[in-house]
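Peer 1: One structure is given below, represented as structure tokens, and several questions about it will come after.
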Amino acid sequence: MAGQPKPSNQRKSSPTPPNQDFFSSLLGDFGAGYAGLNLLASFQPDYIKLDMELIRGIATSPARQTIVAGVILMARQLDVAVIAEGVETEAEMKALRAAGIQLFQGYLFAKPTVASLPGVQFLASTPLAAKASARSDAA
């Protein structure tokens, strides 16, 4: 059913792009603290985002390369896409790309900032548009 999460034993064909009929799920900071194997065994999200501590120095760390390769293999078998978080150097990106990761996030691509975010355009007929309009009228 549209908009409903899939049961944990149901495989999906590929991550579903967000739209008004579906939502995507993400397990962040995978490999750090509670965002680990037990949670993945109970819930298979559309994406897992590797913790940046696994990414840092991966180009020169055989241990990190082996761990990330194992996570990628496991994610493929569960039909979960992998995102590399905290990519800061070309060497990290090259090592991650060679391992098979295609989705990246980090300072190498853009520094986080609110000032450069585009304005949000609401449809005139939505409740959010009415709230936004009321706030701008009051200002």
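What follows draws every value from the coordinates through simple rules; no lab data is involved. Remember, predicted model here, so these are calculated numbers, not experimental data. When we count neighbours, we look across all protein chains shown, and the Cβ atoms used for this are built from the backbone with ideal geometry, even at glycine.
Peer 1: As a test, work out the antiparallel percent of DSSP beta bridges whose residues both lie in the range 26-122, rounded to the nearest 5.
Peer 2: Details: 1 of 10 bridges.
If I count the DSSP bridges inside the range 26-122, around 10 percent turn out antiparallel.
Peer 1: A further question on this structure: Given H placed on each backbone N at 1.01 Å, which residues far from residue 104 in sequence or on other chains put an amide H within less than 5 Å of it?
Peer 2: Correct list: 84.
Peer 1: Could you tell me the ratio Rg/Rh of the range 26-111? Both radii from Cα atoms, Rh via Kirkwood. Intermediate values should be presented prior to the final figure.
Peer 2: Values: Rg = 11.9 Å, Rh = 12.7 Å.
On the Cα set of the range 26-111, Rg over Rh gives 0.94.
Peer 1: Could you work out the local net charge near residue 54, counting Lys and Arg as +1, Asp and Glu as -1, over the other residues with Cβ closer than 11 Å to its Cβ? Don't skip to the end; give the middle numbers.
Peer 2: Details: positive: 49, 56, 64; negative: 29, 51, 53, 85, 92.
Here the count lands on -2.
Peer 1: What does the charge count around residue 70 come to, taking other residues whose C-beta lies under 13 Å from its C-beta (Lys +1, Arg +1, Asp -1, Glu -1)? Working shown, then result.
Peer 2: Working: positive: 64, 76; negative: none.
Its environment carries a net charge of +2.
Peer 1: Here is a further query. Taking 0.36 nm per intervening residue step and subtracting the Cα-Cα distance, what contour gain separates residue 91 from residue 53 on full extension?
Peer 2: Details: separation 38, 0.36 × 38 = 13.68 nm, distance 1.52 nm.
Going from the current span to full extension adds 12.2 nm.
Peer 1: For the range 100-109, take each phi angle, set θ = phi - 60°, evaluate the Karplus expression 6.51 cos²θ - 1.76 cosθ + 1.60, and give the result in whole Hz per residue in order, putting x for glycine and proline.
Peer 2: Along the range 100-109, the couplings run x, 7, 10, 10, 10, 8, x, 4, 4, 9 Hz.
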